[in-house]
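The values are calculated or read from the model by the stated rules, or taken from the named source; none is laboratory data. What you see is a predicted model, and the numbers here were worked out from it, not measured in a lab. Note that each Cβ is placed from the backbone with ideal geometry, even for glycine, and that neighbours are counted across all protein chains shown. Surface accessibility is based on the protein's heavy atoms, side chains included, excluding ligands, DNA and RNA. Shrake-Rupley method; radii C 1.70, N 1.55, O 1.52, S 1.80 Å.
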Amino acid sequence: MEEKLIKDYSSPGRRGYSLPPLEVGKSDINENLAGYLREEIELPEVSEVDVVRHYTALSEMNYGVDSGIYPLGSCTMKYNPKRNERVARISGLSNIHPYQPIEQLQGSLEILYQLKLDLAEISSMDEITLQPASGAHGEFTSLLIVKKYFEDREENRTKVIVPDSAHGTNPASAAMAGFDVVEIASNERGMVDLDALAEALDENTAALMLTNPNTLGIFEEDILKITEMVHEVGGLVYYDGANMNAIMGYAKPGLMDFDLMHFNLHKTFSTPHGGGGPGSGPVGVKDFLAPYLPKPVLKKDQEKYFWDYQRPKSIGKVHSFYGNYGVMLRAWAYIKTVGGKGLKETTENAVLNANYLKARLKKDFELPYAEESLHEFVLSGSRQKEEGASTLNIAKRLLDYDQYAPTIYFPLVVKEAMMIEPTETENIGTLDHFVETMLTISREIKEDPELVINAPHTTTVRKLDETAAARNPDLHW
Ligand SMILES: *Cc1c(COP(=O)(O)O)cnc(C)c1O
C-alpha cells in the first residue's frame, strides 16, 4: 500500500528521454535568461518507466467506476463507455477554440445543437441552454430565470417551496438566488404531502422545486395534481432532473407540466464525474421562459449555426464561453450510441437492478418506505445500529471488501439512511456479490461489532475525520 514520493525514485543523471548527439555549436545562455534556471528546484531525475509505475501505483490506491460497483444513490455512478472518451479526444473537436471564426466551428456547433434537440425530446421542454456546469449550477440558473420572469411581470414572489426529501443543493440554490426557502414534510409514504403543499402555497410562491422520482426513488403518484396546485396560485414548477435515468423513454417532465428543469449530463448520460467535476447541467424551459435563458443561445438559420446574443431579457451569462464542452461531447456520443431505444432500456435496467437489490436486502435491513421504487431505494441501518454498528461503520466496512459504499445519511427523512443506486451498468454477478457482502457485514455486526466499528482495515488510509478533511485539507506531504 505504501508508495514513495516521486523524488525518492530520483537518481542523478537518470532521464526519461534520449537525444541524438548535438550537431550544432553550443551556445551560452544569455545572462538575463539564466535567472530562470533555478538550481534550488530539485526536480526528480527519473526514467519513463519510473514515472509510469509511480502514477499507476497511486491510481491503484483509488477506487472508481472502472474498479467495481459504485452504488452511490442519487449520484448515478454508472460505467462510462470508453467510446465516449475517444469521441471527446478527436482532434477536430478537442483542438478548437471558441474564438475561431464561427464558419470553422460548424461541425462542433451541430453536435451541440443535436444535443439540445435530444434533451428537448427526452424531456419535452422547448428550449435548452447548455451553459451551466453542474446540476446545482442548473438549479441556480433556473431560479434566476424564475426571478427575472416574475420581475418582468411585476409580481413580487419571494418563496420557493422544497420538500424535506430534496437534495441539499435545492434549498441552497434557492437561498443563493435570494428566495426564502419553505420546507414541506413528506407524507408517511415518502411522497409530497398534498395538505402540507396546499398550506405552503400562496400568491407569494415563486416556485416549487421537485425531484421525481424523489430521492427515495419513489415516483410522485399525484404529480399532475401537484403541478396543477402550484400553477393555480401562479407559481412555477421546477424539475430537478438528477433522476432522469429512472424515467427516460417512459415519462417526460414537460408532459407532467413542469415549466423548467435541469439535467445532470454527468449522471444520466454517462460522463465521468466525482470529486467536484467536471459536469454539465443544461437547463430546459417551456417557450414562455425561453427569453430569460442565459445568452448566447445556439440557433440555426438556413445555412449555418450561430450564437444569438440579441436576448434583451436574458439573465446574462452563467459560464465562460458556452459551458463544459468536453462533457457535452461525451453525453452526445452516449445518446447517439445507444439511441432512443437504448435510453429506454437504460431506464428499464436501472430500475430492474435497483429492485433486485431491494428485494434481496430488505429482509436483513429495514426498509422504511415500502412503496414501489424505481432506480434507487433507501434502507435504514437502524437495526444494525442497535446491534452496535452504525451506517457509517457499514459503509467503511464495505471498502474492506473492495466495494464502494452507498450514499449515507441522505435523504434526511430516513434515520441511518443508506441510499442505493446500482445503475444499469452492473451485471447480476456484481449485484449478487454486493448483496452477499452486505449480508456478511450484517452478520459481522451480530458476532463482532468491533470489527465493523473499526473498519476500514485494508485501505491505504484508515477512517478519516471527514469534517476536518473537508474544512482543513492538508494538501502537502
Ligand atoms: C446530484 C444531484 C443534484 C446536484 O447536481 P450536481 O451536478 O452534483 O451539482 C441535485 N439534485 C439531486 C437529486 C442530485 O442527485
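Per atom type, the chain shows carbon and sulfur on 52% of its accessible surface, probed at 1.4 Å.
Two decimals, Cα atoms only, Kirkwood Rh: what is Rg/Rh over the range 54-191? My calculation puts Rg/Rh at 1.06.
Taking the Cβ of E2 as the center, what net charge do the other residues with Cβ under 13 Å away carry, scoring Lys and Arg +1 and Asp and Glu -1? Here the count lands on -2. Label sites at E23 and E154, each approximated as a point 7 angstrom past Cα along Cα to Cβ, lie 8.0 nm apart.
In the assembled protein chains, L19 presents an accessible area of approximately 140 Å² (probe radius 1.4 Å). Mind giving me the FRET efficiency for A198 and K415? R0 is 25 Å, r the Cβ-Cβ distance, nearest 0.05 is fine. So, using R0 = 25 Å, E works out to roughly 0.35.
Annotation for the range 42-98 versus the range 212-275: alpha-carbon center distance of 31 Å.
Qualifying trypsin sites (Lys or Arg not before Pro) in the range 115-156, where qualification requires a DSSP coil assignment and no more than 14 other C-beta atoms within 10 Å, comprise R153. Using the Cβ-Cβ distance between Y250 and S320 with R0 set to 45 Å, the FRET efficiency from 1/(1 + (r/R0)^6) comes to roughly 0.80.
In the context of the full set of protein chains, the chain has a per residue accessible area of 50 Å² (1.4 Å probe).
Once the Cα-Cα distance is subtracted from the 0.36 nm per residue extended length, the L58 to E103 segment shows a gain of 11.8 nm. A cut-off under 14 angstrom between Cβ atoms defines the neighbours of S94, and their net charge, with Lys, Arg +1 and Asp, Glu -1, is +2. Based on the Stokes-Einstein relation at 37 °C and a viscosity of 0.692 mPa s, and on the Kirkwood radius from alpha carbon pairs, the range 82-337 is assigned a translational diffusion coefficient of 176 µm²/s. Extension gain for the segment K225 to E85, taken as residue separation times 0.36 nm less the Cα-Cα distance, is 46.2 nm to one decimal. Using a simple spin-label model with pseudo-atoms 7 Å out from Cα toward Cβ, K344 and R383 lie 3.8 nm apart. With the simple model of a label 7 Å out from the Cα in the direction of the Cβ, W307 to I6 spans 3.5 nm. Maximal additional length on extending the F288-I453 stretch stands at 53.9 nm, based on 0.36 nm per residue less the C-alpha distance. Each DSSP beta bridge with both residues in the range 82-337 is either parallel or antiparallel, and the antiparallel ones are about 40%. Computed from the C-beta positions of N472 and E366 and an R0 of 45 Å, the FRET efficiency is 0.80 to the nearest 0.05. Per residue, the chain reaches -11500 deg cm²/dmol at 222 nm when only DSSP H runs of four or more residues are counted, each adding -39500 (n - 2.57). Ordering 80-91, 238-249 by mean Cβ neighbour count within 10 Å, with the highest value first, yields 238-249, 80-91. Based on alpha-carbon atoms, the Kirkwood radius and the radius of gyration of the chain give Rg/Rh equal to 1.03. Restricting attention to the chain, close to 55% of DSSP beta bridges with both partner residues there are antiparallel. Backbone N atoms of the range 72-114 closer than 14 Å to the 7 Å Cα→Cβ label point of K336 belong to residues 83-94, 106-114.
Taking the Kirkwood radius as the inverse of the mean 1/r across Cα pairs, report the Rg/Rh of the range 1-109. Ratio of gyration radius to Kirkwood radius for the range 1-109: 1.12. Cross-link pairs exceeding 31 Å between alpha carbons, from the set K341/K363; K116/K313; K358/K446; K225/K317; K159/K304; K313/K341: K341/K363; K225/K317; K159/K304; K313/K341. D by Stokes-Einstein for the range 341-459, Kirkwood Rh over Cα pairs, 4 °C, 1.567 mPa s: 89 µm²/s.
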